[in-house]
Amino acid sequence: MKTVLLYATSFFIILFTSCQSKPTLQKYFVENTENKNFMALDVSPSILNVDASKLTSAQRNALASFEKMNILAFKLNDKNKTQFEIERSKVTAILKDEQYQQLMKFGSGKEGASVSFVGDDEHIQEFVLYANKKENGFAIVRILGKDMNPTAIVTMLEVLKNSKIDLDQLKPLQELLKK
């Protein structure tokens, strides 16, 4: 009987401590995907539309490390200014967590952009691009991959230059940029 009680108590402790975990961008995306103030978009590597036979070995490896891109954008309008400030504060707080290591920051706190990553220098799991502009709203781009590294990202930029990007996958974002 004591053993059963001990296992049950352990189970509930583990259950409750795992439910009280800190906020992450992944959770933030899931919570806001259906929110009318947000636009969510998932982009696959096929957006690059590249001929793999023309890529170098390093370029193929860089492309293979890229799994997908998630985009979540808040479009600001006259009716949701208060919500915009609340959501922007939430994202800023999430990105201050130690798991998100900031690489670069442009502009000021109220307007600008930042680039962060999750993982270590040679095994990056996620790049995060965050941009906000007080007239338009903000956007968060999560570039997810497996064992990405800074060299692979530079190589990926080379691939981007020569790609024929399928802009149809990005059409929903055009509405956010209009104003």
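The values are calculated or read from the model by the stated rules, or taken from the named source; none is laboratory data. Not measured: the values here are computed from a predicted model. Counting neighbours? That spans all protein chains shown, and the Cβs are built from the backbone with ideal geometry, glycine included. Side chains included, ligands, DNA and RNA excluded: accessible areas come from the protein's heavy atoms. Shrake-Rupley method; radii C 1.70, N 1.55, O 1.52, S 1.80 Å.
If I model a spin label as a point 7 Å beyond the Cα along the Cα-Cβ vector, how far apart are those points for Ser53 and Asp120 in nm?
With each label placed 7 Å out from Cα toward Cβ, I get 4.0 nm.
When 1/r is averaged over all different Cα pairs and the result inverted, which Kirkwood radius in Å belongs to region 29-105?
Value: 15.6 Å, from the Cα pair sum.
Quick one: go through region 122-141 and flag any residue whose amide nitrogen is under 16 Å from the point 7 Å out along the Cα-to-Cβ line of Leu157.
127-130
Could you list, bin by bin from short to long, the percent of Cα-Cα pairs of region 79-145 in 10 Å steps?
Spelled out per bin, shortest first, that is 20, 52, 23, 5, 0.
Taking the mean number of other Cβ atoms within 10 Å as a proxy for protection, how do you rank 131-140, 97-106, 152-161 from highest to lowest?
131-140, 152-161, 97-106
Below 13 angstrom from the Cβ of Ile94, what's the summed charge of the other residues (Lys, Arg +1; Asp, Glu -1)? The partial results should precede the final answer.
Numbers: positive: Lys22, Lys27, Arg88, Lys90, Lys96, Arg142; negative: Glu31, Glu87, Asp97, Glu98, Glu126.
In short, +1.
May I ask you to give the percent of accessible area on region 52-114 that is carbon plus sulfur, with a probe radius of 1.4 Å?
Of the solvent-accessible surface of region 52-114, carbon and sulfur hold 52 percent.
Within the set of other residues whose C-beta is less than 15 Å from the C-beta of Phe127, count the net charge using Lys and Arg as +1 and Asp and Glu as -1.
-2
Which far-off residues, 5 or more places away or on another chain, put their amide H under 5 Å from the one on Asn37, with H placed in the peptide plane?
When sequence neighbours closer than 5 places are left aside, there are no close amide H contacts.
Longer than 31 Å from Cα to Cα, which of Lys54/Lys134; Lys90/Lys161; Lys22/Lys146 are they? Say none if no pair is.
With Cα atoms farther than 31 Å apart: Lys54/Lys134; Lys90/Lys161.
Once you have the Kirkwood Rh of region 30-179 from its Cα pairs, apply Stokes-Einstein at 20 °C and 1.002 mPa s and quote D in µm²/s.
Here the translational diffusion coefficient equals 130 µm²/s.
Taking the Cβ of Gln59 as the center, what net charge do the other residues with Cβ under 13 Å away carry, scoring Lys and Arg +1 and Asp and Glu -1? Walk me through the intermediate numbers first.
Numbers: positive: Lys54, Arg60, Lys161; negative: Asp51, Glu158.
Within the 13 Å Cβ shell, the charges total +1.
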